[in-house]
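These notes concern the structure reproduced below.
The values are calculated or read from the model by the stated rules, or taken from the named source; none is laboratory data. This is a predicted model, so every value here is computed, not measured. Cβ: placed from backbone, ideal geometry, glycine included. Neighbour counts: every protein chain shown.
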Amino acid sequence: MPDDRRRNATFSLILILLALLGGGAPLCAQVNVPVADGSGSSEGVTASIHGVVTSKDGELYQGVRVTLAADAQHATAERAVTTDSDGVFNFAGVLAGAFKLTFWANGFGLKTVEGKLDPGQSYDAQTVVLPVTLTTNVVVRAPQADIALEQVNLEEKQRVLGVIPNYYVTYVPDAPPLTARQKYGMAWKTSIDPVTWLVTGAIAGVQQADNTFSGYGQGAQGYAKRYAANYADQFIGAFLGGAVLPVAFKQDPRYFYKGTGTVRSRILYAIEAAVICKGDNGHSQFDYSGILGSLAAGGISNLYYPAANRDDVGLMFEETGYGIAGSAVGNLFQEFVVRKLTPRVPHYEPSGK
């Protein structure tokens, strides 16, 4: 039993003897009863507090926790009891002075009663009505995969000038990572978009007019070969750099629009994004998937380009370097121009915040 260091040694000894004999209330409850500090004539004269806890309809509440805090000058610990089957609570042996009762139970709001005891008084707190609280704060967070799916659905509606697809940019700084299925799905939708077919056809037409890749010849057959080669470049690049390698390296192939800060900071961010990407873990990483995807696509293209136009290893690295520079320029357009040219940019809610 802790030593309460009270001045009335005789009273403490009686409490200990009663506890050892098993008589009276539990020792821990009795030891916490404050005693007079000898400042008044009422030293050693205690009071009691009792009452009943009900609902507003008069229903008796059993098991409500009732805490008693006496006047702070006594420096005593709080005492607590629970109401019985009749909703009754009782505190005996309480020193005269100010007190505060606090009532609490699961599903109910806090209730407090304050008062002042006279020496020897039996204080009736009367009927205490415990308020019912039906308000529960529940935070519901959708799984990250569901949030990512919703954002991808919105991103796939982003079209520059209302026509050109602009899927690989997100305007949500904390966008959750794409799943493997979403990465493949985005690459597929980019490859089969009608605008992709039209742009591929236009490039093939310009190459036909300039007789680029002369090994393909002219006429319908030459145009078809150029069209197929250009579409293969786009398809392979989209899947290697946007799906296969991002899944393997756990990286996000999208450009994360900054949109805030100084012009200089945004320019540096856009250029850096040509070689730095966001990993699925949310951290910045070297863009292995994008750069290796470009190299791999260049190597695969040697399988279908005319022998005279195939790249050696040095040229593939050189063209990859040009590709990185092109990505930096594209990111600058994304940061400062493209959003202004995209009508009805979807409104995004922050994820998990």
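Give me the residue from region 168-190 that is more than 21 Å from residue 338 (Cβ to Cβ) and part of a helix (DSSP H, G or I) and, out of that set, farthest from the chain's Cα centre (by Cα).
Ranking the candidates gives 188 first.
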- prompt: So which helices (runs of 4 or more DSSP H) stay within region 191-304 end to end and still have 2 or more residues that are more than 28 Å from residue 337 (Cβ to Cβ), of a type in the set (Ser, Thr, Tyr) and modelled with pLDDT of 95 or more?
  reply: 219-239
query: Considering region 326-345 alone, what residues qualify as being within 15 Å of residue 295 (Cβ to Cβ) and surrounded by fewer than 14 Cβ atoms within 10 Å (Cβ to Cβ)?
result: 326
- request: From (1) in a loop (DSSP other than H, G, I, E, B); (2) in contact (Cβ under 8 Å) with a residue 24 or more places away in the chain, pick out the condition that doesn't hold for residue 327.
  value: (1)
query: What are the residues in region 305-324 that are free of Cβ contacts under 8 Å to residues at least 24 places away in the same chain and farther than 22 Å from residue 207 by Cβ, if any?
result: 313, 314, 317, 321
- prompt: Residue check: is residue 116 out of contact with any Ser or Thr (no Cβ under 7 Å at 6 or more places or on another chain), free of Cβ contacts under 8 Å to residues at least 60 places away in the same chain and surrounded by fewer than 19 Cβ atoms within 10 Å (Cβ to Cβ)?
  reply: yes
field: Residue tally, condition touching a Lys or Arg at 6+ places or on another chain (Cβ under 9 Å) and either on the phi < 0 side of the Ramachandran plot or in contact (Cβ under 8 Å) with a residue 40 or more places away in the chain (or both), over region 207-245
entry: 9
- request: Among what's in region 225-262 and is more than 31 Å from the chain's Cα centre (by Cα) and within 24 Å of residue 335 (Cβ to Cβ), pick the residue that is surrounded by the most Cβ atoms within 10 Å (Cβ to Cβ).
  value: 237
